[in-house]
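Notes follow the structure.
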Amino acid sequence: MVADIAELDPIWKALADPTRRAILDLLREKPRTTGDLTSAFEPRLSRFAVIKHIGVLEGAGLLVTSREGRYVWHHLNAVPLQEMYERWVRPYEALWASSLLDLRRHIDTPTPEEETSMDVVTIEQKIRMAAPPERVFKGLTEDVNAWWDHRYREGSTVSLEPHVGGRFQENFGDGGGALYATVSFIDPGRRLTMRGSMGMGGAVTGVIKYDLEPSGTGTVLRLSHHVVGEVSQEDRDEYAAGWTALLEGNLRSLVEAGANHD
């Protein structure tokens, strides 16, 4: 769903400032605490000034904040950037010269040694949905086949068993299939945690966590996907964009349509 133009105004305002863009560049590398961000701009900017910039970015939805003990962590939220892309870039993609882009990709393609590194990758996203937490949780678990379209094979079935040890998997229908992850924690309507590779190639392990919070008559869904292992830059970009499309687009459309018919 493409955001209304007026809804994007806070994002344009937030991105207009070079300091705020620099903060987003830092968060693109990895999550950082308030102290990490303030020290990155010392002595040019005061702690108060940096915190004010963080507040503008959070107000625009470009970062997500969480607290662990006495530390406040800030994570990049890719959803608003995807909305800007949908509104301002996607309609003009047909005008691009695909042959030149293919040439550039060929020239810029790194060697296998350059593509992967042992690293920690974190994807954090926050999506507001006009449906109660129970409906969103049902969509995440019982209705997953209706919105999960990142599959190995067309015509397959995706299922999630909503209990500890339950499998999140794709069934090919011929005795074959693929295990994405295994449920390690479940609190219906509030939290779902899974562990697994989620289809990433190479030596990787990951933790996927959905947190649901009621917000008026709707729900705030927070995704945290942490991956450790040999992860290519292409996988990083594809998985961040993939989560946005799955949750912001597919799941939200499903649960909001269901809520309207309840």
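Based on other C-beta atoms within 10 Å, arrange GLU142, GLU256 from fewest to most. The partial results should precede the final answer.
Values: GLU142 12, GLU256 17.
Final ranking by Cβ density, sparse to dense: GLU142, GLU256.
Between region 42-81 and region 204-262, what is the C-alpha centre distance in whole Å? If you average the Cα positions of each part, the centres end up 21 Å apart.
Provide Rg over Rh for region 5-87; use the alpha carbon set for both Rg and the Kirkwood Rh (inverse mean inverse pair distance).
Rg divided by Rh gives 0.97.
Is the shape of region 204-262 rounded, prolate or oblate, going by the alpha carbon gyration tensor and its root eigenvalues a ≥ b ≥ c, with a/c under 1.5 for rounded and a/b larger than b/c for prolate? Prolate. Taking only the C-alpha atoms of region 115-261, the Rg (one decimal) and the largest Cα-Cα distance, Dmax (whole number), read 15.0, 47 Å.
Every read-out reported here was derived from the displayed coordinates using simple, explicitly stated rules and does not represent laboratory data. Predicted, not measured: the structure shown is a model, and the values here were computed from it. Cβ coordinates were reconstructed from backbone atoms using ideal geometry, including for glycine residues, and neighbour counts include every protein chain displayed.
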